[in-house]
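Step one of this worksheet: look at the structure below.
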């Protein structure tokens with residue numbers, strides 16, 4: 001059934017994305033995109049509708065409110081840790097161990113793999129832990145933001161997390177839409193079988209490892225890394241980083257920073273989140289997956305971020321580093337450093353509301369459904385989901401839009417083959433996260449920029465080359481699967497080899513074209529973080 005607004009439904013997100021990339025002004029671009037949606041939806045000037053969407057994004061959705069509180073409390077905790085010297089202490093501790101660009105990159109990658117239970121917590125904790133250390137080795141903030149972003153959602157989609165619970169529920173929704181709940185494998189079994197077909201996420205995670213180990217870059221990331229390594233400027237001149245500790249929070253207040261000022265607040269965060277997830281999801285006899293499905297992950301993150309801020313506050317007062325007035329001022333400063341990110345998040349959610357009202361996802365999915373064959377199925381789903389996610393800035397929203405269409409299609413075109421359900425499911429999840437990585441209106445992309453201290457649009461512009469590379473290799477493997485029917489045990493290693501070859505080839509070609517070296521690495525004398 002045709003949607004009411006048709007191709008016009010694409011205009012608001014595309015206007016916002018195009019303006020953001022061209023002007024590098026994310027807030028203005030997002031607002032104009034929402035306003036364009038208001039004009040199309042109301043058929044008039046659209047101001048009232050525009051602010052209705054913005055206000056509802058702040059207040060009607062409890063999940064959004066929880067994210068705002070979580071980010072604000074994290075800001076307070078990070079600010080306190082900075083002022084009492086925790087960030088400087090961990091940087092000093094790691095300096096003798098992580099004494100090279102490569103080691104910092106590998107450590108960031110491995111930490112991203114460890115924090116699998118939530119993408120927001122992953123980005124916040126790893127970013128806060130590694131930013132100052134990365135600065136010590138002159139890693140560009142664009143590079144750090146990429147490392148955070150590409151080991152957040154892709155990792156969470158495989159772990160015991162809120163993502164897995166949500167994805168299983170989406171599969172069940174697809175079953176219900178197709179009317180196959182009684183004859184298809186369980187939603188959990190289809191999820192497990194879909195993991196080898198979630199190729200973009202697999203290759204995105206592996207690509208981070210290849211990039212940090214080989215130190216080979218291409219595209220705008222190559223320029224950013226050469227700038228940082230040759231000049232020491234971790235952000236370009238004129239950049240607008242979403243977070244800058246030195247500028248926003250002032251000097252560290254201690255001469256001899258202690259490692260406990262960092263580890264205790266972080267341990268409080270982790271412990272409270274873990275206990276909160278178990279406590280909110282526990283029921284007698286429940287399996288780990290049942291507990292994950294029932295757990296209040298976002299609530300646990302809010303409780304954990306409060307515990308982090310409260311622990312840092314107690315340390316500041318107990319060791320007489322800050323007075324009560326100074327500590328509370330620091331808390332407010334911490335809220336302040338997150339305001340820009342929160343504003344972008346609210347407008348990104350508003351764009352999502354626009355896309356829902358104009359039925360953007362339904363329009364794109366209906367177009368894709370017209371020419372799908374079994375061979376093309378995963379490729380079409382990958383790019384349809386990717387385009388929707390790019391346009392509306394949310395991978396979860398994309399999964400909700402595409403899964404109820406993709407699963408019935410997979411069942412129909414395959415004649416009721418369970419394997420094709422797994423293929424389609426993996427392609428949906430891959431496309432949703434691929435588009436999310438390319439989109440300047442994605443909340444996880446915003447948070448990656450925030451916790452890396454990077455200019456948001458610079459992060460998007462540098463990461464998109466890498467996201468497209470991983471998606472292209474995933475497409476190649478999907479095509480091989482459709483043409484040959486070979487098992488993933490064979491095809492995934494082929495994809496990995498192809499990915500490594502593509503990275504090497506593109507880095508050499510781009511470096512030669514620009515008159516640079518493919519591995520930008522210049523040893524520089526370190527400076528004190530406190531003076532950075």
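The values are calculated or read from the model by the stated rules, or taken from the named source; none is laboratory data. This one's a predicted model, so the numbers in the text were calculated from it and none came from an experiment. Positions of Cβ are backbone-derived with ideal geometry, glycine not excepted, and every protein chain shown enters the neighbour counts.
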Checklist entry - Hey, any hits in segment 28-47 for a residue that's at pLDDT below 85, closer than 26 Å to residue 119 by Cβ and either more than 23 Å from the chain's Cα centre (by Cα) or in a helix (DSSP H, G or I) (or both)? => result yes
Checklist outcome for this item: Of the residues in segment 39-53 that are more than 16 Å from residue 392 (Cβ to Cβ) and touching a helix residue (DSSP H, G or I) at 6+ places or on another chain (Cβ under 6 Å), the one that is surrounded by the most Cβ atoms within 10 Å (Cβ to Cβ) is 50
Checklist entry - Being touching a strand residue (DSSP E or B) at 6+ places or on another chain (Cβ under 7 Å) and at pLDDT 85 or above, is that true of even one residue in segment 131-154? => result yes
Item to check | One residue from 473, 477 being within 23 Å of the chain's Cα centre (by Cα), more than 30 Å from residue 15 (Cβ to Cβ), modelled with pLDDT of 95 or more and surrounded by 20 or more Cβ atoms within 10 Å (Cβ to Cβ) | outcome: 473
Item to check | Test: residue 361 is buried (at least 24 other Cβ atoms within 10 Å of the Cβ) and modelled with pLDDT of 80 or more | outcome: no
Checklist entry - What is the one condition in (1) more than 28 Å from residue 383 (Cβ to Cβ); (2) in contact with a helix residue (DSSP H, G or I) (Cβ under 6 Å, 6 or more places away or on another chain); (3) at pLDDT 85 or above that residue 226 does not satisfy? => result (2)
Checklist outcome for this item: Among residues of segment 200-217 being more than 22 Å from residue 386 (Cα to Cα) and within 21 Å of the chain's Cα centre (by Cα), the residue surrounded by the most Cβ atoms within 10 Å (Cβ to Cβ) is 217
Next on the checklist: Residues that are in contact (Cβ under 8 Å) with a residue 12 or more places away in the chain, crowded, with 22+ Cβ neighbours inside 10 Å and more than 23 Å from residue 440 (Cβ to Cβ): does segment 22-33 have at least one?
Outcome noted: no
Next on the checklist: It is to be established whether one or more residues within segment 107-114 are surrounded by fewer than 24 Cβ atoms within 10 Å (Cβ to Cβ) and within 19 Å of residue 298 (Cα to Cα).
Outcome noted: yes
Checklist outcome for this item: Scanning segment 182-199 for residues that are part of a loop (DSSP other than H, G, I, E, B) and touching a residue at least 40 places away in the same chain (Cβ under 8 Å), the one surrounded by the most Cβ atoms within 10 Å (Cβ to Cβ) turns out to be 198
Checklist outcome for this item: Of (1) assigned to a loop (DSSP other than H, G, I, E, B); (2) out of contact with any helix residue (DSSP H, G or I) (no Cβ under 6 Å at 6 or more places or on another chain); (3) touching a residue at least 60 places away in the same chain (Cβ under 8 Å), residue 202 satisfies every one except (1)
Checklist entry - Looking only at helices (runs of 4 or more DSSP H) that fall completely inside segment 371-439, which ones have 2 or more residues that are more than 15 Å from residue 478 (Cβ to Cβ), touching a helix residue (DSSP H, G or I) at 6+ places or on another chain (Cβ under 7 Å) and modelled with pLDDT of 90 or more? => result 418-438
Checklist entry - Which of the residues spanning segment 292-324 are free of Cβ contacts under 8 Å to residues at least 60 places away in the same chain, surrounded by fewer than 22 Cβ atoms within 10 Å (Cβ to Cβ) and either within 21 Å of the chain's Cα centre (by Cα) or not in a helix (DSSP H, G or I) (or both)? => result 296, 320, 323
Item to check | Considering residues of segment 71-111 that are at pLDDT below 85 and under 16 Å from the mean Cα position of the chain (by Cα) only, the residue farthest from residue 270 (Cα to Cα) | outcome: 71
Checklist outcome for this item: residue 454 passes all but one of the listed conditions (1) at pLDDT below 95; (2) out of contact with any strand residue (DSSP E or B) (no Cβ under 8 Å at 6 or more places or on another chain); the exception is number (2)
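Rundown of residues vs (1) under 27 Å from residue 83 (Cβ atoms); (2) modelled with pLDDT of 90 or more; (3) out of contact with any helix residue (DSSP H, G or I) (no Cβ under 6 Å at 6 or more places or on another chain), yes/no style:
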site	(1), (2), (3)
211	no, yes, yes
249	yes, no, no
257	yes, no, no
287	no, no, yes
292	no, no, no
298	no, no, no
306	yes, yes, no
Checklist entry - Out of (1) touching a residue at least 60 places away in the same chain (Cβ under 8 Å); (2) within 28 Å of residue 192 (Cβ to Cβ); (3) outside any helix (DSSP H, G or I), the odd one out for residue 474 is which? => result (3)
